[in-house]
Amino acid sequence: MDRVQGISLFIRVVETGSFSKAAEDFGITQPTATKFVASMEKRLGTLLLHRSTRGVTPTEIGKIYYEKCKGIAREIEEADDLASLMQSKVRGKLTVSSSVAFGRRVLMPSILKFMDHHPDLEVNLNMDDRYINLVEQGVDLAIRMRRLPDSSLGSRFLGLNPWVLVANPKYLKEHPAPKHPEDIRHHQALIYTTVQGDHRWSFTKEADKNETIEVKGPFTSNNLSSILAAARAGMGLAVVPWYMAHQSVKDKVLKPVMEDWSLPTQEMHAVFSSPKHLPTKVSQCIDWLQGQFKGEWWKGIETGKSE
């Protein structure tokens, strides 16, 4: 029994006037209760209780000690209540990490809506295309766009992030749209240099036809917004996420190409550092995001035309 439990036991002995009744309340034997209080008295170097055949009563010092213990017990109870209250409500500070493009175009609007429902929540949204260590950076929740390796981190599946091959209609007038992946070799490629195999684009048709080709072109970037801007400017073919391309396709500034061939689809995961003790603010945010990424969720994304 630790000191906090010992204080509670001592309080109960004083209030019931009985070691046996206090012991029963705590699910221990009377000798164990008697021995523990005796050890308290030995540690303090004073007698706390008078024992007699009529029962147990506190000494003068025992009465003072009892009042102090009652105060400590109330403080502990209030602390427990506060912890439970904070755990039951979405409040406090939530640090979220995301890639730059996804964070700006998708996550930020969704997080702002989530905050509208939880006015006591503060959010710190960090956007960085580099891999970060959640624990070292103090991140509560990270959104990652790939299959996750086995690790000590917790994760929950959010949805799918499909990609599309696009080009400006003016470019396609000068360079006939490819019908087969091999045709892309005759085109200028705008290459995103962190995913999709960099200079290798992979396509699938009817689940049993797979083609991977080497591409080349005048522009490469590790920033998706730059690739999108180059495609909008008519510089060549680009492979970008549908959430990036949707508004430009809707505005007819870009056109999907080779639609009967599909590109690899990324899995989106919510990743967090403590799978065993997930704070309410984190679990509620994940639940919210899962609701945002159903079906063709990217069609609901409204973005700027050139960023």
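The values are calculated or read from the model by the stated rules, or taken from the named source; none is laboratory data. This one's a predicted model, so the numbers in the text were calculated from it and none came from an experiment. Positions of Cβ are generated from backbone atoms using ideal geometry, with glycine treated the same way; all protein chains shown enter the neighbour counts. Just so you know, the surface numbers come from the protein's heavy atoms only, side chains and all, with ligands and any DNA or RNA stripped out. Shrake-Rupley method; radii C 1.70, N 1.55, O 1.52, S 1.80 Å.
Overview of values
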item: Local electrostatic count, residue 272, Cβ distance below 10 Å [Lys/Arg +1, Asp/Glu -1]; result: 0
item: R0 of 41 Å, Cβ-Cβ distance residue 52-residue 3: FRET efficiency to nearest 0.05; result: 0.95
item: Carbon + sulfur, % of accessible area of the chain - ligands and nucleic acids excluded, 1.4 Å; result: 50 percent
item: For the range 3-103, alpha-carbon Rg over 2.2 N^0.38 Å; result: 1.65
item: Potential lengthening between residue 200 and residue 280 on full extension [0.36 nm per residue; Cα-Cα distance subtracted]; result: 24.6 nm
item: Candidate values (i) 20.4; (ii) 24.3; (iii) 19.5, label of the one derived for Kirkwood radius over Cα pairs in Å; result: (ii)
item: Per residue, in Å², the accessible surface of the range 36-84 once ligands and nucleic acids are set aside, probe 1.4 Å; result: 71 Å²
item: Whole-number accessible area per residue in Å² for the range 207-264, which is evaluated in the context of all protein chains at 1.4 Å; result: 45 Å²
item: Listed residues 209, 63, 281 arranged by accessible area, highest first, probe 1.4 Å; result: 63, 209, 281
item: Two-site FRET efficiency, residue 252 against residue 132, from Cβ-Cβ distance with R₀ of 41 Å, rounded to 0.05; result: 0.60
item: Pairwise label distance in nanometres, residue 77 with residue 209, each label 7 Å out on the Cα-Cβ vector; result: 7.4 nm
item: Residue 157 versus residue 38: modelled label distance in nm, points set 7 Å from Cα along the beta carbon direction; result: 6.1 nm
